[in-house]
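To start, the structure under review is shown below, and the notes come after it.
Taken together, the values in this text are just the output of simple stated rules run on the coordinates, not laboratory data. Nothing here was measured: the structure is a model prediction, and the numbers come from that model. Neighbour counts run over all protein chains shown; Cβ positions are idealised from the backbone, glycine included.
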Amino acid sequence: MTRIFKFGGASIRDADAIRHLGDLIAGEAPKPQAIVVSAMGNTTNALEALLGSARGDDPADYRQRLAAIRDDHLAVAEAMFGPGSSVADELAQRLAELDAAHRAHRQAPYPFHYDQTVGMGELLSTALVAAWLNEIGVATRWCDARTLIITDDRHQAANIDWAATQERIASLTQAGDEVLLTQGFIGATAGGAMTTLGREGSDFSAAILAEALDADELTFWKDVPGLYNADPRRFANARQMAQLSYEEALEQTWHGAKVIHPRTLAPLQRRGIPLTVRSFLEPDAPPSIIGPEPGEGDRQPAFMLRDDQVLLDISIRDGSFVDEALMAEVLTRFAEAGLHANLLDVEALRLRLVVDHRPERLAPVLEALDERFSVARQDDLVLLTVRHPVDALLAHLDADRTRLVERCNATTAQRLYLAAECPDTWQIPD
Ligand code: ADP
Ligand code: ASP
Ligand code: MG
């Protein structure tokens, strides 16, 4: 039976967490054929900040940030392998490469520079995890995802070259019961330039590997035992769902359930590979399973929140109708800026769009639209999406709250509320 495991940043945040991961893998039978690992803890955020400072004018800030990333990783290496280990040398070597990349790419386009910097987190973490697994007797081969996941050059959100990727992964050889260990989130162009698949993209990497290896199951080890009907950090009475279909999981993640990257589901669905979500904190807790069969998650209400939303009310200055050509013109601008319409509402003379508050992306779009369109905007909003809504439940949620926009079809309801009228911790009505 071919099993693939994926571990996110929280599961390898420090030396104890990596030791725990080692025990967990050593105790699993059968062993996974491959393991996909994210960057340690908050390293990806730290690398994004490092990039900002590398492109700015404050060399002292840059040095300090680089030193902090180095210290974090070297401290883990020392705690696990003692002083002066070969792993520490390898980490130091990678960090020197990172520093050199900053000097080389300072003037390069931001998305390219981003990938050369931010993709480094997974190269660092996997050096530590692979060495630890070998140390405890789990024979592990470190593989460079840049030789396996082949993409186009759309930096920061690369598209997979499925045929080339399949070919590379199929040509991997494995000795005995050796475990392959590789990085999530990163790939490379055919020419070898590092690319990334978008934030939270390690889930997607694992699904790509599972598809290419025709795995029997993929397991995500998270800090929650499974998929809930709402983010348990935001909804006090969220409940775990034992089972749901790929289609339902895709809808929920696409609408903002941030537990799984939405691009993960398609490769699994193509081969009918079940995805099990388990807790690395409570490995014996009952998991959630996403697969071809519908389950309770396909029927009961589920809630997705998007914070920090911006409503844009767009009309054409000459008073024309919002026809298809006009919609295409406006939406193309948003697509090109990488801004997703989390809600779309069309009337005769206006188009309303709800997007994430990303000023660096939004400002150029608004500037380009300004010549022909008038745009009214409202900030500080929350978008709530409810799958399988029932009227009484929606009425309860809407009570005492201003609905700026609403949309409803047979399976999904969306509400745009003022953030000031929303609680920090929500309660799902009975
Ligand atoms: P990883 O680092 O392994 O990719 P994530 O942090 O991306 O893990 O995902 C786990 C987190 O997702 C949980 O801590 C939880 O707060 C959040 N989350 C959001 N929506 C859901 C949901 N519907 N079910 C479970 N967890 C959710
Ligand atoms: N390390 C990357 C991120 O934090 C990818 C991932 O963890 O999925 O976005
Ligand atoms: Mg994640």
Scan of the range 352-378 for residues that are among the charged types (D, E, K, R), in contact with a strand residue (DSSP E or B) (Cβ under 8 Å, 6 or more places away or on another chain) and farther than 19 Å from ASN342 by Cβ, ordered by number: ARG372
Residue list for the range 22-45, restricted to those being in a helix (DSSP H, G or I) and within 16 Å of ligand 3 (Cβ to nearest atom): THR43, THR44, ASN45
Those residues of the range 63-80 which are among the acidic types (Asp, Glu), surrounded by 15 or more Cβ atoms within 10 Å (Cβ to Cβ) and within 27 Å of the chain's Cα centre (by Cα), in sequence order: ASP72
Every pair of residues 6+ apart whose Cβ atoms lie under 6 Å, when the first sits in the range 234-263 and is on the phi > 0 side of the Ramachandran plot while the second is of a type in the set (D, E, K, R) and within 12 Å of ligand 1 (Cβ to nearest atom): GLY256/ARG306
Complete set of residues in the range 172-222 that are more than 9 Å from ligand 2 (Cβ to nearest atom), part of a loop (DSSP other than H, G, I, E, B) and not hydrophobic (A, V, I, L, M, F, W, C): THR173, GLN174, GLY176, ASP177, GLU178, GLY191, GLY192, ASP214, ASP216
Condition check for VAL129: among the aliphatic types (A, V, I, L, M), within 16 Å of ligand 1 (Cβ to nearest atom) and closer than 25 Å to GLY84 by Cα: yes
Filter pass, ARG270 being in a helix (DSSP H, G or I), touching a residue at least 40 places away in the same chain (Cβ under 8 Å) and more than 18 Å from the chain's Cα centre (by Cα): yes
Among (1) out of contact with any strand residue (DSSP E or B) (no Cβ under 9 Å at 6 or more places or on another chain); (2) within 13 Å of ligand 2 (Cβ to nearest atom), the one test that GLN166 misses: (2)
Residue within the range 328-344 that is under 27 Å from the mean Cα position of the chain (by Cα), under 23 Å from ASP231 (Cβ atoms) and part of a strand (DSSP E or B) present: yes
Test: residue in the range 73-83 that is under 26 Å from LEU197 (Cα atoms) and in a helix (DSSP H, G or I): yes
Search result, residues across the range 100-133 that are surrounded by fewer than 16 Cβ atoms within 10 Å (Cβ to Cβ), more than 24 Å from the chain's Cα centre (by Cα) and either closer than 25 Å to GLU28 by Cβ or not polar (S, T, N, Q) (or both): ALA100, ARG103, ALA104, ARG106, ALA108
Among (1) more than 20 Å from ALA145 (Cβ to Cβ); (2) crowded, with 21+ Cβ neighbours inside 10 Å - the single one PRO30 does not satisfy: (2)
Residue in the range 26-36 that is touching a Lys or Arg at 6+ places or on another chain (Cβ under 6 Å), closer than 29 Å to LEU172 by Cα and either of a type in the set (S, T, N, Q) or touching a residue at least 24 places away in the same chain (Cβ under 8 Å) (or both) present: yes
Every residue from the range 175-204 that is farther than 13 Å from ARG263 by Cβ, in contact (Cβ under 8 Å) with a residue 60 or more places away in the chain and surrounded by 14 or more Cβ atoms within 10 Å (Cβ to Cβ): VAL179, LEU180, LEU181, THR182, GLN183, ILE186, ALA193, MET194, THR195
